[in-house]
Amino acid sequence: MSKSVKWRKKPAKEDYPAAQAYLCLAFNQAMATRLVRKLRRAKVKKMPARDILRAAHTPMAEVKAFDWASQQRDIKKGRRFSPILLVCGAHSDGEGVVIADGFHRLCAAFAADQDAVVLFKIA
């Protein structure tokens, strides 16, 4: 793909409720609320998509299983993606990261360019 992935400087307002809804599946409501509060205060960072996917224990077969045509059209049009939201050490084994919001954006960036740098916040 000739165009690189472009990112907004901060997550969209609707990303936080989406992250909370997802986190409520893995944690109780109070913990999910605390994690989202931390995400709101966190600074935006950058890292290659492949490293985030590895830290989240995301198998490449899972990335390849989706049709990224819609997101690839957005990338070609120059649409800016919202930074993804991550929670550190949230797997049952206490290792890695959980992608609280932005899984599709992360995978689309990786599918477009395996060296794509992703903007994210982490709690």
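The values are calculated or read from the model by the stated rules, or taken from the named source; none is laboratory data. The model shown is predicted, which means the values in this text are computed figures rather than measured ones. Cβ atoms come from the backbone with ideal geometry, glycine included; neighbour counts cover every protein chain shown. Heads up: the accessible areas ignore ligands, DNA and RNA and are worked out on the full protein's heavy atoms, side chains in. Shrake-Rupley method; radii C 1.70, N 1.55, O 1.52, S 1.80 Å.
Filtering 85, 119 for residues that are at pLDDT 90 or above, more than 21 Å from residue 60 (Cβ to Cβ) and under 8 Å from the mean Cα position of the chain (by Cα) leaves a single hit, 85.
Here's the yes/no breakdown for (1) closer than 15 Å to residue 107 by Cβ; (2) among the β-branched types (Val, Ile, Thr); (3) touching a strand residue (DSSP E or B) at 6+ places or on another chain (Cβ under 7 Å); (4) free of Cβ contacts under 8 Å to residues at least 24 places away in the same chain:
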| site | (1), (2), (3), (4) |
| --- | --- |
| 6 | no, no, yes, no |
| 15 | no, no, yes, no |
| 63 | yes, yes, no, no |
| 67 | yes, no, no, yes |
| 89 | no, no, no, yes |
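Every test in (1) over 12 Å from the mean Cα position of the chain (by Cα); (2) open to solvent by 90 Å² or more (accessible area, probe 1.4 Å); (3) not aliphatic (A, V, I, L, M) is passed by residue 59 save one, and that test is (2).
Taking the range 23-48 as the range and being closer than 21 Å to residue 109 by Cα and either touching an Asp or Glu at 6+ places or on another chain (Cβ under 8 Å) or open to solvent by 90 Å² or more (accessible area, probe 1.4 Å) (or both) as the test, the residues that pass are 43, 45, 46, 48. For first residues located in the range 43-60 and without any contact (Cβ under 8 Å) to a residue 24 or more places away in the chain, partners that are part of a helix (DSSP H, G or I) and of a type in the set (Ser, Thr, Tyr) and lie 6+ apart or on another chain with Cβ distances below 6 Å do not occur.
Remark: residue 19 matches the filter, which requires a residue to be touching a Leu at 6+ places or on another chain (Cβ under 6 Å) and either in a helix (DSSP H, G or I) or surrounded by fewer than 18 Cβ atoms within 10 Å (Cβ to Cβ) (or both). Scanning the range 107-120 finds one or more residues that are open to solvent by 20 Å² or more (accessible area, probe 1.4 Å), among the β-branched types (Val, Ile, Thr) and touching a residue at least 60 places away in the same chain (Cβ under 8 Å).
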